[in-house]
1. Evaluate the following for Val169: is it surrounded by 15 or more Cβ atoms within 10 Å (Cβ to Cβ), part of a loop (DSSP other than H, G, I, E, B), out of contact with any Cys (no Cβ under 8 Å at 6 or more places or on another chain) and of a type in the set (A, V, I, L, M, F, W, C)?
2. Quick check: anything in the range 270-281 at negative phi and in contact with a Phe, Trp or Tyr (Cβ under 7 Å, 6 or more places away or on another chain)?
3. For the range 102-160, enumerate the residues that are of a type in the set (Gly, Ala, Ser) and either under 29 Å from the mean Cα position of the chain (by Cα) or assigned to a loop (DSSP other than H, G, I, E, B) (or both).
4. In this structure, is Val309 touching a Cys at 6+ places or on another chain (Cβ under 9 Å) and either touching a residue at least 60 places away in the same chain (Cβ under 8 Å) or assigned to a loop (DSSP other than H, G, I, E, B) (or both)?
5. Mind counting the residues in the range 343-387 that are over 21 Å from the mean Cα position of the chain (by Cα) and hydroxyl-bearing (Ser, Thr, Tyr)?
6. Out of all the residues in the range 138-164, which are without any contact (Cβ under 8 Å) to a residue 24 or more places away in the chain and of a type in the set (S, T, N, Q)?
7. Please enumerate the residues belonging to the range 263-287 that are part of a strand (DSSP E or B) and among the polar types (S, T, N, Q).
8. Taking the range 28-47 as the region of interest, how many residues are more than 20 Å from the chain's Cα centre (by Cα), over 28 Å from Glu94 (Cβ atoms) and among the charged types (D, E, K, R)?
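The values are calculated or read from the model by the stated rules, or taken from the named source; none is laboratory data. Since we're looking at a predicted model, the values are computed, not measured. Backbone-built Cβ (ideal geometry, glycine too); neighbour counts: all protein chains shown.
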Amino acid sequence: MKLQEVSKHGKLQLRWTLDDLWTVEEPIGSPEIFGYRTKCEFSIGKNLNDEPTVGFLLGMYRDGVTSVIEPGDTIHIPEKAKAIAAIMQAYVRESRYPVYDRKTRKGVWRTIMVKVQNTGDVLLLIQISADDLDSHQLEREKQALINYWSVHGITTMMLQKWNGESHGVNIRGTTEILTGDGYVYEQLLEHQFRISSSAFFQVNTKATELLYAKCAEWCNLRDNGRKTTLLDLCCGCGSIGISIGKAADRVVGIEMNSDAIDDALFNVQLNMVTNAQYFASKVEEKIDIVANEQNEDVIAVLDPPRSGVHSSVIKAVRESSQIQKLIFISCDANQAMQNFVALCRPTSNKFQGIPFKPRRAVIVDLFPHTDHYELMVEFVRVNEQSE
């Protein structure tokens, strides 16, 4: 569409795109650049010598690559996680059951996920394909795993059965706790968080503290005579709201993953937080909880999965008129771009509500030695009178 074809109302809303009205702050580096990843997934397959191996695929599976190599000198993986991969590798090499073959879809041992927290807690989830095991064999293997790992300092161990085509730990798999209670704990900005196996938690804790501190600065929660709500969208186990929401009158967290919400509710009690409530729901189905409050400022923080959020979430945010500021945290700016654009589109039948505009942005290096980073963008509503 040509600019001259846009209505006068639309031109007012688009004017910010033609001016240099927003800034990009200096990137924030990670305090730790080696062994910082607290969550690692290792594939189980065969190496180039046809030996059972626990590590990383040598290339992309879609390119036909199925060979696995050991973690070796990968500098972003903690030594503890590498050691667990090596211990698991020794186990599968002695196992009576074969590793899973991605081409034939036969075999047992598929993947392990390791969470190594700064508190010293370690979670190990072992994923298998159980098609070729009867109930007796499965129970015997569970006990063998319990006995084998009992001397290796694991806080909690879980077994996931997954026979689907997709690879990696899958929330649709059947997961059973073998040892411990299924949780690990992490310390973040003087708060403690319980994390379940499927709940999202940033993988670089020290850099996350800097990210959240900057987020708190931009939220600028303070007593201005009006009620203030921090709306934590895609909240996971509640880490953002609990970490930075103390100055708000209330914190409202919304998350689809019910296990993560269980963690969030537990973490509220654990940290003696009294102003937070959490809901297991789609954002667009629960966001109206802030729609009917009078004399209220609502600041939203959206920290979605890598792919961003469905357009229905963006529409719901736009239509919630009390949200005047949105802090969008993205680990993949390319995939989130469609969300950015939808936030800023002129009002139309499809996109109701006054659009947003970016005010400032900053990059936080949560993933040193990779091409990835965390991008945080502050969006504010377009003020047509001042535009």
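1. Against the criterion (surrounded by 15 or more Cβ atoms within 10 Å (Cβ to Cβ), part of a loop (DSSP other than H, G, I, E, B), out of contact with any Cys (no Cβ under 8 Å at 6 or more places or on another chain) and of a type in the set (A, V, I, L, M, F, W, C)), Val169 qualifies.
2. Checking the range 270-281: not a single residue is at negative phi and in contact with a Phe, Trp or Tyr (Cβ under 7 Å, 6 or more places away or on another chain).
3. Those that are of a type in the set (Gly, Ala, Ser) and either under 29 Å from the mean Cα position of the chain (by Cα) or assigned to a loop (DSSP other than H, G, I, E, B) (or both): Gly107, Gly120, Ser129, Ala130, Ser150, Gly153.
4. yes
5. Count: 3.
6. Scanning the range 138-164 gives Gln143, Asn147.
7. Selection gives Gln277 alone.
8. Residues that pass the stated criteria total 0.
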